[in-house]
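The values are calculated or read from the model by the stated rules, or taken from the named source; none is laboratory data. Predicted, not measured: the structure shown is a model, and the values here were computed from it. Heads up, the Cβs are rebuilt from the backbone with ideal geometry, glycines too, and the neighbour counts pull from every protein chain shown.
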Amino acid sequence: MTLRTSVIDTADWRLAIPLQAPGDPLDFSGTLLTIALTPILGGPPIATADSEAGTLAFMPASGAIPAYFALDLRVKDRTWRISAPTDVVGDVLRHPDPAFPAYIEWLGRVRLKVLPGSNSSGIAAAAGFSPVLIDAQPYDGRIVTAPMAFGPQGVPAYPAFDPIADEGKALRIVDGVPTWV
């Protein structure tokens, strides 16, 4: 079982999402990147970030540090508080051409475990949870998530294209899932 990266609901989230890319180095600079973090059990996004706002950025490889996405979500920009540990997921999306905003590339997914902070409702209600302190890690003092893999990884992230049934269809993101429509 893989441990998920943990963050606290009442703290700033400064994350580094390393890229595990085969072959040539990747470069996503200069294109719009977005992410919307949503509770795994459903519901509206609890936090969003994008490269235009400066809350999601591509950081190219530098020395021994591989390329990564820097995700900065300040607590003052989030009102979502929890009473129990909650898993959230977010898909990193690339919008390569401003002239065609409907064309979106799915780059990968990040999954986090959000823990209630000392002043969140779960702690204040004495629900039996304890506040958790998380040390900063490399990548400019960011908390490092599991690496995001690119390229062939076995079962493809994109749905298979059936030349007969999917003729004339385009790949779109529907409810966070790549789908032929």
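When the stretch 98-139 is limited to residues that are at pLDDT 85 or above, aliphatic (A, V, I, L, M) and within 16 Å of TRP13 (Cβ to Cβ), the one that is surrounded by the fewest Cβ atoms within 10 Å (Cβ to Cβ) turns out to be VAL110. The condition of being buried (at least 19 other Cβ atoms within 10 Å of the Cβ), among the small types (Gly, Ala, Ser) and in contact (Cβ under 8 Å) with a residue 12 or more places away in the chain holds for only one of SER29, SER6, SER51, that being SER51. The set of residues in the stretch 78-119 being within 19 Å of the chain's Cα centre (by Cα), farther than 13 Å from LEU33 by Cβ and acidic (Asp, Glu) consists of ASP87 alone. Look through ARG172, ARG94 and report the one residue that is modelled with pLDDT of 80 or more and not aliphatic (A, V, I, L, M). The conditions single out ARG94.
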